[in-house]
Amino acid sequence: MVIVIGNVTIQEDALEQALTLAREHVERSRTEPGCLSHAVHIDTENANHLVFLEQWQDMDALQQHFRVPESASFVSALGELAVDAPTLKIYTADEVPRH
């Protein structure tokens, strides 16, 4: 499994616009092959800080997601509303069974 964690802090006057873009991106991404989960969260300590949590079946599925034109458009549009450039970290993981 591949886990993606994205972070962005949005300009004070642009939060609603950013949330609209984020919701559209999340909903579209969830329909893509290999997407196990995709969500956006608002930081409870800074309401203008958004955190994206994604799970993908494998790296091929994630790479295909990055090639979707709407994904690139989303990143560009979100970047225009951000205080600083969004960050993205990618991890590979295996689920640990609980006893």
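The values are calculated or read from the model by the stated rules, or taken from the named source; none is laboratory data. Every value quoted in this text rests on a predicted model; they were computed, and no experiment measured them. Cβ sites come from the backbone with ideal geometry, for glycine too, and all protein chains shown count toward neighbours. All accessible areas refer to the heavy atoms of the entire protein, side chains included, with ligands and DNA or RNA removed. Shrake-Rupley method; radii C 1.70, N 1.55, O 1.52, S 1.80 Å.
Counting every Cα pair in segment 29-88, what percent are over 18 Å apart? Cα-Cα pairs in segment 29-88 separated by more than 18 Å: 40 percent. Here VAL68 sits with roughly 30 square angstrom of accessible surface, probe radius 1.4 Å. Segment 1-33 and segment 45-74 have Cα centres spaced 7 Å apart. Protection proxy ranking of 23-30, 70-77, by the mean of other Cβ atoms within 10 Å over each peptide's residues and highest first, is 23-30, 70-77.
Charge dipole of the chain (Cα centre as origin; +1 on each Lys and Arg Cβ, -1 on each Asp and Glu Cβ, all else neutral): 260 debye, rounded to the nearest 20.
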